[in-house]
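See below for the structure under consideration.
The values are calculated or read from the model by the stated rules, or taken from the named source; none is laboratory data. Treat the numbers as computed from the prediction; the structure is a model and nothing was measured. Don't worry about glycine lacking a Cβ; one is built from the backbone with ideal geometry, like all the others, and counts go over all protein chains shown. Quick note on the areas: whole protein, heavy atoms, side chains included, nothing else; ligands and nucleic acids left out. Shrake-Rupley method; radii C 1.70, N 1.55, O 1.52, S 1.80 Å.
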Amino acid sequence: MYAPDTQIELTYPESTQVESRTTFRRRRVQIREVRDLISHPLTPEEYLRRPLTHRSRYLLTAFDMDTSQWRQFYLGSSKEHASDGRLRIALYKPGEERPSKIISRSFEPTRRDRIALARTLKAIKEKSHNGYELRVIPDEPLTAPAKPF
């Protein structure tokens, strides 16, 4: 796993919207933080703020050395670590780092499916989940360890 203060180069898209036709450019970044969306999944509110973003398991908070700005990079959006970007809805016990139950189908990285995911989240987020927390996670094998980088 990339550690804080590691400098890396990524070939990253200009736009991370699903189904966008975009150009890629080389980015030199210094990592501040890595968020694993299995152990620290998205809340419904986080997902709903930007439902059409292509997401993957690892979210980097990093300093872009070419633009001198702090940015976030989904590692799976880069050419070097490309992932398919499918998402699911899961229930987590408070404080747990793995889902207790997956409660949705796999949503594809298309505008249609991301809007369907948003509608599903809105419909079920106010319901009682018996103490479990509703979360959005990447559709990846849960038994797979964190990828070494």
Practice problem: May I ask you to verify whether K93 is basic (K, R), over 28 Å from V29 (Cα atoms) and either in contact (Cβ under 8 Å) with a residue 40 or more places away in the chain or surrounded by 20 or more Cβ atoms within 10 Å (Cβ to Cβ) (or both)? | Solution: yes
Quiz item: Which condition does E9 not pass, out of (1) acidic (D, E); (2) at pLDDT 95 or above; (3) not in a strand (DSSP E or B), if it passes all the others?
Solution: (3)
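Can you tell me which residue within the range 62-79, out of those that are within 13 Å of the chain's Cα centre (by Cα) and polar (S, T, N, Q), is most open to solvent (accessible area, probe 1.4 Å)?
Restricting to residues being within 13 Å of the chain's Cα centre (by Cα) and polar (S, T, N, Q), the top hit is Q72.
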Self-check item: Which listed residue is in contact with an Asp or Glu (Cβ under 6 Å, 6 or more places away or on another chain) and not basic (K, R), from S39, S56
Solution: S39
Quiz item: Within the group I137, I115, I103, which residue is more than 25 Å from P13 (Cβ to Cβ) and either of a type in the set (G, A, S) or open to solvent by less than 80 Å² (accessible area, probe 1.4 Å) (or both)?
Solution: I103
Practice problem: Looking only at the range 44-61, decide whether some residue is closer than 15 Å to E140 by Cα, over 12 Å from the mean Cα position of the chain (by Cα) and touching a residue at least 24 places away in the same chain (Cβ under 8 Å). | Solution: no
Quiz item: Looking at (1) touching a residue at least 12 places away in the same chain (Cβ under 8 Å); (2) open to solvent by 20 Å² or more (accessible area, probe 1.4 Å); (3) of a type in the set (G, A, S); (4) in contact with a helix residue (DSSP H, G or I) (Cβ under 9 Å, 6 or more places away or on another chain), which is the only condition A82 fails?
Solution: (1)
Practice problem: Find the residue count for the range 1-58, including only residues that are of a type in the set (F, W, Y) and either touching a Gly at 6+ places or on another chain (Cβ under 8 Å) or open to solvent by 60 Å² or more (accessible area, probe 1.4 Å) (or both). | Solution: 2
